[in-house]
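Below is one structure; the comments refer to it alone.
The values are calculated or read from the model by the stated rules, or taken from the named source; none is laboratory data. Source: prediction; values computed, not measured. So basically every Cβ, Gly included, is an ideal-geometry build from the backbone, and we count neighbours across all protein chains shown.
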Amino acid sequence: MRFLLSILFLFTGNFVSAQNTKANQSFQIGKIEEIHSAILNETRTLNIYLPGGYSADTLKTCPVIYLLDGSANEDFIHIAGLVQFLTMIEKMPPTIVVGIANVDRKRDFTFPTTIKKDLVDFPTTGFSTKFISFIEEELQPFIHSKYSTSSSKTIIGQSLGGLLATEILLNKPQLFSNYLIVSPSLWWNNESLLRNPLTEINKTDGKKVYIAVGKEGQKMEADAKKFADLIRVNKKISVKFNPLPKENHLTILHNGAYQGLEFLFDSKTN
């Protein structure tokens, strides 16, 4: 009996010890990287989500999602959660998410404006060209060199992030395969992006573009639809315009991104 009690005590002690060890562990959904940008003259933080079972040996290549507003207290956690869930139910392949943490989103996501009031209210704006160069010349090569990536690259942007994603699509569409654009701030600079010549986008093909907008005011809703209609002229681009009238500017991203990822990664729409 004494022997049995000793064995039981030993087993119970080990079990409790194992539970305590697990209880003290951190639960992690990603890793943090830093990249120094010579173009921006600053070090930028990246939040990286790697799909379950990821390793350079077992997963040869993965698509990459580049998430604007990708700070931990912004959109990274819930977008990574959507990607994990959609991967689990086999709606999309195992995918890496690169959340680009913000320093000054008004500076990085906007091109110069001629509107005097905006220049007064938002004095740091107007440097999207440098940020786009950072993505093209520094960030994408950095991710490609460190991770097993395929040629599939998606950008997700909302609001001013949607403005930046639109600017890239119209001027440098080759930077991404897929564009997930939610509530783009196309009102910027008196809607000048909507008057841009479509020279570059008319030369591209095989892109998939998803545009969502909620109940967000007549101008934003009309601009989003006009933008979708403009790029639909190129029949070689697959476009989905998705009005979500039950959502507003604060609530739209999660539902909009869920439906957008389903569309972008649906093989039937390729």
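Would you list the helices (runs of 4 or more DSSP H) that sit entirely within segment 1-112 and hold 1 or more residues that are of a type in the set (S, T, Y) and either closer than 17 Å to Y147 by Cα or at pLDDT 85 or above (or both)?
76-88
With the checklist (1) surrounded by 15 or more Cβ atoms within 10 Å (Cβ to Cβ); (2) under 15 Å from T166 (Cβ atoms); (3) modelled with pLDDT of 95 or more; (4) out of contact with any strand residue (DSSP E or B) (no Cβ under 6 Å at 6 or more places or on another chain) in hand, flag the one item N255 doesn't pass.
Failed condition: (2).
Looking at (1) surrounded by fewer than 16 Cβ atoms within 10 Å (Cβ to Cβ); (2) closer than 26 Å to P173 by Cβ; (3) not aromatic (F, W, Y), can you tell me which one I143 breaks?
I143 satisfies every listed condition except (1).
Condition check ((1) touching a residue at least 40 places away in the same chain (Cβ under 8 Å); (2) more than 26 Å from D121 (Cβ to Cβ); (3) in contact with a strand residue (DSSP E or B) (Cβ under 8 Å, 6 or more places away or on another chain)) across all residues:
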site: F142; (1), (2), (3): yes, yes, yes
site: K146; (1), (2), (3): yes, yes, yes
site: T149; (1), (2), (3): yes, yes, yes
site: L164; (1), (2), (3): yes, no, yes
site: I168; (1), (2), (3): no, no, yes
site: V182; (1), (2), (3): yes, no, yes
site: N189; (1), (2), (3): yes, no, no
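If you go through segment 98-129 one residue at a time, how many are of a type in the set (G, A, S) and over 17 Å from the mean Cα position of the chain (by Cα)?
1
Please go through segment 200-213 and pick out each residue that is farther than 14 Å from L186 by Cα and either basic (K, R) or modelled with pLDDT of 95 or more (or both).
K203, K207, K208, V209, Y210
Given the structure, is S185 out of contact with any helix residue (DSSP H, G or I) (no Cβ under 6 Å at 6 or more places or on another chain), crowded, with 19+ Cβ neighbours inside 10 Å, under 24 Å from I79 (Cβ atoms) and hydroxyl-bearing (S, T, Y)?
no
List, please: which pairs have Cβ atoms under 6 Å, are six or more places apart or on different chains, and start with a residue in segment 90-115 that is acidic (D, E) and end with one that is surrounded by fewer than 16 Cβ atoms within 10 Å (Cβ to Cβ)?
Close Cβ pairs (under 6 Å, with a partner that is surrounded by fewer than 16 Cβ atoms within 10 Å (Cβ to Cβ)) amount to D104/T124.
Where the second residue is in a helix (DSSP H, G or I) and modelled with pLDDT of 95 or more and the first is of a type in the set (S, T, N, Q) and surrounded by 18 or more Cβ atoms within 10 Å (Cβ to Cβ) and lies in segment 61-86, which pairs have Cβ atoms under 8 Å and are six or more apart or on separate chains?
none
Looking at segment 118-137, which of the residues that are hydrophobic (A, V, I, L, M, F, W, C) and modelled with pLDDT under 95 is surrounded by the most Cβ atoms within 10 Å (Cβ to Cβ)?
Among them, the one singled out is F122.
Which residue is surrounded by the most Cβ atoms within 10 Å (Cβ to Cβ), if the candidates are limited to segment 213-240 and must be hydrophobic (A, V, I, L, M, F, W, C) and in contact with an Asp or Glu (Cβ under 8 Å, 6 or more places away or on another chain)?
Ranking the qualifying residues of segment 213-240, first place goes to V213.
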